[in-house]
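All remarks here apply to the structure that follows.
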Amino acid sequence: MTRGLRALGYVFVRGVTGMRQSPLVQTVAVLTMAVCILLLGTVSLLLINAEGVVDGWGVDVPLTVYLNEEVPEEDALALTERIAALPEVDHTELVSPAIALERLQDGLGTGASVLEGVEVQMLPTSIEVYTQPESPEEFSAALAGRLREVKIVEEVAIVGAWASALNDGLGALRTIAGTLALLVTFACVAITWSTIRLAVFARRSEVEILRLVGGTRRFVRAPFVIEGAIQGVLGAAFAITLLAFGFHSLAPHLERGLSLFLVAGAVRFFTVFEVMLAMGFGALLGVIGARIAVARYVEI
Amino acid sequence: MSILELIDVRKTFAAREGAQVALDGVSMSVERGEFALLMGPSGAGKSTMLKLILALERPDEGSIKVADRDVHRLTADSVPFLRRNLGAVFQDFRLLSEATPQENVGLPLRVVGVGTNEVRERSREVLLRMHLDPDLKRPVKTLSGGEQQRVALARALVTDPPVLLADEPTGNLDPDLSRDILDHLVEIQSRGTTVMLATHDPVVPSYVPVTRILHLDHGLLVRNEVTPRLRAISDRHDAAAAAAEVA
Ligand SMILES: Nc1ncnc2c1ncn2[C@@H]1O[C@H](COP(=O)(O)OP(=O)(O)OP(=O)(O)O)[C@@H](O)[C@H]1O
Ligand SMILES: [Mg+2]
């Protein structure tokens, strides 16, 4: 076991020394990978924040009907049931001021202290209308028009129309991110594959000699795979560092410009876990590229 | 019991002028503990035979056995373990040209995960036996041919392998040094290592107390000459085996 570990240690040292033998190629490879991962990282960050905005808005509620102050509870209930009875409507929900306050507190989380002193009565009663998924787009608009005529209704907010537009946008962004992820995966694997292939050619006599003295296939190949993994991790780390710099210089401006839309009040960067995931992803791509090269060019 | 055995081995190399026959139906065996000489003119197939035993080349026909195991039926994963038991000196040395003598000699130990201190100790010790400065910090490529040859021999011996295959290990040495190295090989053999030495130096058989001389010519084994010393060797091994059985 300790022998195995020592052999591994030696393999690691050789992997690193191997990289030092061609610093230019290595740097170019790492930078190219970094650019690829940076692109993917930027799109992912956009997607994460856009999803955050959309989630925060609760856009799955197509129609919200705000009622006048001091509407008797029976009238509110009656209207709720009448709307629910429409065939195009899936279901409705009456939101009392108490529930509204509770939701607001939940939504604000630790920032809930700003609500201190807010009286329950200051919030309006509202009816949330969930339409059938297959109901026509115009239905929401028509229903809103009719509801505005009802005496106890103060205002009707149609979220559905722009929510669906936003969802479409989000879908497009997801497609872009997915496609980009594929392209980046392919590009990074190709980059390590070609640099490791070069490394194998450059160190061919070393490979040959290790075979002669009884190096196992794994022992001979491992340094190259380690080299690929290091490339991947460095590429990802470099990309994330650049992205972090970009994010921290842009975020304040974005937050000011978008303050209306930002429910949580801030755009966010990747979590530590997500950063680790990205590094792992880089390492994995490096390992895959290196393994392909090594399987093809290091014979035993 | 034979430790090396070739049965009807044929090896050809593809060449532009047609197939080049390197070994043409060679059968022979070497017992444990022997000092066998492989002789013959240039191009006779000596190096090819050693490479086949090391599983560096595949035979077209026939089989090659090391300790009764067919080396060309081994899986790719077990070939390295075969090579760890066969110390080898190549005609062209095959050293890491940018590495120091000590790094080169330590390589077979590194491969099996021996710790740095032990690697240094053992490499130094064999280099000294080969009359080389063990602390030389120069890359091997700056060494003379004879010095490189001794580094190669040191690398083959550092693991104390049960079998030593040496391809012209004294080809680049002056007569004094050559005799010294041969004495060393004889000593190793006297301690139980099987030695197979390829050479076309006609002086070697008269100087070294060999057990067997194999003569190759144009890929044919033209003579397989056993000397009286072989009896002594096999008696010794039989006695050892008998003792082991009794115990
Ligand atoms: N890789 C190869 N490709 C083509 N032909 C080869 C190859 N290796 C050996 N040969 C040929 O096989 C024959 C035997 O070569 P080998 O190296 O075994 O000879 P040798 O007895 O070791 O000679 P020397 O004493 O010069 O070292 C030669 O004719 C050689 O040209
Ligand atoms: Mg030869």
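Comparing mean-square fluctuations of A:Gly52, A:Gly171, A:Gly232 from a GNM of chain A with C-alpha springs under 10 Å, the top value falls on A:Gly171.
Within 10 Å of the Cβ of each residue in B:51-57, the mean number of Cβ atoms contributed by other protein chains is 1.
Across all Cα atoms of region B:110-210, the radius of gyration (one decimal) and Dmax (whole number) stand at 13.9, 42 Å.
Could you give the size of the charge dipole of region B:1-124 about its Cα centre, using +1 on the Cβ of each K and R and -1 on the Cβ of each D and E, expressed in debye and rounded to the nearest 20? Intermediate values should be presented prior to the final figure.
Working: 17 positive and 17 negative charges, 59 e Å.
Dipole size: approximately 280 debye.
Once you treat every alpha carbon in region A:164-215 as an equal point and sum by Debye, what is log10 I(q)/I(0) at q = 0.13, 0.26 Å⁻¹? The Cα Debye sum returns log10 ratios of -0.55, -0.90. Mind grabbing the base-10 log of I(q)/I(0) for chain A at q = 0.16 Å⁻¹? Debye formula, identical points on the C-alpha positions, no solvent, two decimal places. The calculated log intensity ratios at q = 0.16 Å⁻¹ are -1.20. Across all directions, the average flat footprint of the convex hull enclosing the Cα atoms of region B:28-93 is 5.2 nm².
Computed FRET efficiency, Cβ-Cβ of A:Val71 and A:Leu173, R0 56 Å: what is it to the nearest 0.05?
Working: r = 41 Å, r/R0 = 0.73.
Once the sixth-power term is evaluated, E becomes 0.85.
Taking a ≥ b ≥ c as the square roots of the Cα gyration tensor eigenvalues, region A:173-300 comes out prolate, since a/c reaches at least 1.5 and a/b is larger than b/c. Over region B:41-158, the alpha carbon radius of gyration divided by the compact-protein estimate 2.2 N^0.38 Å works out to 1.17.
First check a/c for region A:1-89, with a ≥ b ≥ c the square roots of the eigenvalues of its C-alpha gyration tensor; if it is under 1.5, answer rounded, and if not, answer prolate when a/b is larger than b/c or oblate otherwise. Could the numbers behind the result be given before it?
Details: a/c = 6.13, a/b = 3.45, b/c = 1.78.
Prolate is the answer for region A:1-89, as a/c is 1.5 or above and a/b outweighs b/c.
Per residue of B:102-111, count partner chain C-beta atoms within 10 Å of its C-beta, then hand back the mean as an integer.
Values: counts 0, 0, 2, 0, 2, 8, 5, 2, 11, 12.
Per-residue shielding by partner chains comes out at 4.
Once every DSSP H run of n ≥ 4 in chain B is given -39500 (n - 2.57) and the sum is divided by its residues, what mean residue ellipticity at 222 nm do you get, rounded to the nearest 500 deg cm²/dmol? Don't skip to the end; give the middle numbers.
Details: 8 runs with 90 residues, N = 247.
The helix-only estimate for chain B comes to -11000 deg cm²/dmol at 222 nm.
Of the residues A:Val71, A:Leu8, A:Ile127, the one whose Cα sits farthest toward the positive end of the charge dipole of chain A, with +1 on the Cβ of Lys and Arg and -1 on the Cβ of Asp and Glu, is A:Leu8. Between region B:27-75 and region B:171-202, what is the C-alpha centre distance in whole Å? Distance between centres, Cα-based: 19 Å.
Please work out how much length the chain gains when fully extended from A:Ala98 to A:Tyr130, using 0.36 nm per residue of separation minus the C-alpha to C-alpha distance, in nm with one decimal.
Details: separation 32, 0.36 × 32 = 11.52 nm, distance 2.08 nm.
Roughly 9.4 nm would be gained on extension.
Farthest towards the positive end of the charge dipole of the protein assembly as shown, among the residues A:Ile176, A:Leu40, B:Leu132, is the Cα of B:Leu132, using unit charges on the Cβ of Lys, Arg, Asp and Glu. Based on the alpha-carbon gyration tensor of chain B and its eigenvalue square roots a ≥ b ≥ c, which shape applies: rounded if a/c is under 1.5, prolate if not and a/b is larger than b/c, or oblate? Here chain B falls in the rounded category. Distance between the modelled labels on B:Asn117 and B:Ser190, one decimal in nanometres: 3.4 nm (7 Å Cα→Cβ projection).
Each semi-axis of the equivalent ellipsoid for the protein assembly as shown is √(5λ) with λ an eigenvalue of the Cα gyration tensor; in descending order they amount to 82, 23, 21 Å. Here the protein assembly as shown is treated with +1 on each Lys and Arg Cβ and -1 on each Asp and Glu Cβ, and its dipole about the Cα centre works out to around 3880 debye. Bridges between two residues of the protein assembly as shown, per DSSP, are antiparallel at a rate of about 70%.
Note on region A:173-287: with charges restricted to the Cβ of Lys and Arg (+1) and Asp and Glu (-1), its dipole about the Cα centre is near 340 debye. Between A:Leu198 and B:His131, the modelled label-to-label distance comes to 4.6 nm, taking each label 7 Å out from Cα in the direction of the beta carbon.
Label separation (B:Ala19 vs A:Leu8): 4.7 nm, computed from points 7 Å beyond Cα along the C-beta direction. Projecting the Cα atoms of A:Val225, A:Gly286, B:Val105 onto the charge dipole of the protein assembly as shown, computed from C-beta unit charges around the Cα centre, puts B:Val105 farthest toward the positive end. Here A:Arg217 sits with roughly 80 square angstrom of accessible surface, probe radius 1.4 Å. Loop-located trypsin sites (Lys or Arg not before Pro) across region B:126-204 with a Cβ neighbour count of 14 or fewer within 10 Å are B:Lys137, B:Arg191, with loop assigned by DSSP. The chymotrypsin sites (Phe, Trp or Tyr not before Pro) of region A:193-300 that meet both conditions, a loop assignment by DSSP and at most 14 other Cβ atoms within 10 Å of the site Cβ, are A:Phe261.
The values are calculated or read from the model by the stated rules, or taken from the named source; none is laboratory data. Treat the numbers as computed from the prediction; the structure is a model and nothing was measured. With ideal geometry, Cβ positions are generated from the backbone for all residues, glycine too; neighbour counts draw on all protein chains shown. Areas reflect the complete protein model, heavy atoms only, side chains present, ligands, DNA and RNA absent. Shrake-Rupley method; radii C 1.70, N 1.55, O 1.52, S 1.80 Å.
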